[in-house]
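To start, the structure under review is shown below, and the notes come after it.
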Amino acid sequence: MTRARRIRIAVAGAGKVGRYVARDLLAKGHELVIIEQNRDKLKAIKDEIEANWVAGDACELHTLDEAVLSSCDVMVAATGDDEDNLVISLLAKQEFAVPRVIARVNYPDNQWLFNETWGVDVSVSTPHLLTSLVEEAVSIGDLVTLLSLEQGKVSLVEVTLAEGSPAAGKTCAELKLPGDCTLVAVVRDRHVIAPREDTPLQPGDEVLALSTPEAESALTEILVGE
């Protein structure tokens, strides 16, 4: 089995979220540098995680220099302050050319700010994610957005096919999907099916697709109907 490539990741913020992310990434074999400005907190938790620690404000260039951010493949702005996360993201992208910047959104009303203008490649809003998961669990026959990628240019969407779905009884090839979307998985009876051209769809199937916003209306008509 092929192992994921070991990469260097910077995590700004050593609160509960930042520490959890750091532990998880370390367990997957990646190299971590964690930036925390609260020196008392850093002293108390430093021995919990075997990573490179930098004491300082991640909104300051000299702190990011000390973390050697220019050598990082990913920056995770995980502080509890949205303004700080935006500044960290912007510096990481513009000053250090970090290829992938992921930012935590603490307050959902600020979600619209977390885009490529601020250097954010992917934003994560826990309240929005929970809402999507609730909708996914209770909705049948409705297209639900689970995750936005590439600053909202692509979304992972899900629909559970209702009895009257126009897609039920057809194969994937017969759906004639628009060019800017693709099926990525079909979940049936708790089993994941990789969709092929001859894979038949049936009521109750949970269909996951990647789609651009422009193609979603056509995808909805194909899977849900008018």
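Going through region 169-221 one residue at a time, which ones are aliphatic (A, V, I, L, M), in contact (Cβ under 8 Å) with a residue 12 or more places away in the chain and assigned to a loop (DSSP other than H, G, I, E, B)? Please lay out each step first, then the result.
Quick first cut of region 169-221, residues aliphatic (A, V, I, L, M) only: 173, 175, 177, 183-187, 192-194, 201, 207-210, 215, 218-219.
Going one step further and asking which of them are in contact (Cβ under 8 Å) with a residue 12 or more places away in the chain, we end up with 173, 175, 177, 183-187, 201, 207-210, 215, 218-219.
Listed by number, the residues that qualify are Leu177, Leu201.
Looking only at residues in region 73-102 that are polar (S, T, N, Q) and out of contact with any helix residue (DSSP H, G or I) (no Cβ under 7 Å at 6 or more places or on another chain), the one that is surrounded by the most Cβ atoms within 10 Å (Cβ to Cβ) is Asn85. Within region 85-122, being charged (D, E, K, R) and outside any helix (DSSP H, G or I) holds for Glu95, Arg100, Arg104, Asp121.
If you go through region 161-183 and keep only what is touching an Asp or Glu at 6+ places or on another chain (Cβ under 9 Å), among the hydrophobic types (A, V, I, L, M, F, W, C) and either surrounded by fewer than 17 Cβ atoms within 10 Å (Cβ to Cβ) or closer than 15 Å to Ser211 by Cα (or both), you end up with Ala168, Ala173, Cys181.
Go through region 42-69 and report how many residues are in a helix (DSSP H, G or I) and either under 19 Å from Asn115 (Cβ atoms) or at pLDDT 95 or above (or both). Can you show your working first?
Filtering region 42-69 for residues in a helix (DSSP H, G or I) gives 42-48, 61-66, 69.
Then keep just the ones that are either under 19 Å from Asn115 (Cβ atoms) or at pLDDT 95 or above (or both); that gives 61-66, 69.
Residues flagged as in a helix (DSSP H, G or I) and either under 19 Å from Asn115 (Cβ atoms) or at pLDDT 95 or above (or both) within region 42-69 amount to 7.
Of everything listed in (1) at pLDDT below 90; (2) not in a loop (DSSP other than H, G, I, E, B), the single unmet condition for Ile140 is (2). Across region 1-41, which residue is nearest to Ala77 (Cα to Cα) among those that are modelled with pLDDT of 90 or more and among the polar types (S, T, N, Q)? My answer is Gln37. Does any residue in region 5-19 that is in contact (Cβ under 8 Å) with a residue 40 or more places away in the chain and over 16 Å from Glu50 (Cα atoms) come within less than 9 Å, Cβ to Cβ, of a residue that is of a type in the set (Ser, Thr, Tyr) and surrounded by fewer than 24 Cβ atoms within 10 Å (Cβ to Cβ) six or more places away or on a different chain, and which pairs are these? Sorted first by the residue in region 5-19, then by its partner, the pairs are Val17/Thr126.
The values are calculated or read from the model by the stated rules, or taken from the named source; none is laboratory data. From a predicted model like this one, the values you see are computed outputs, not experimental measurements. No Cβ is skipped: glycine too gets one built from the backbone with ideal geometry, and neighbour counts run over all protein chains shown.
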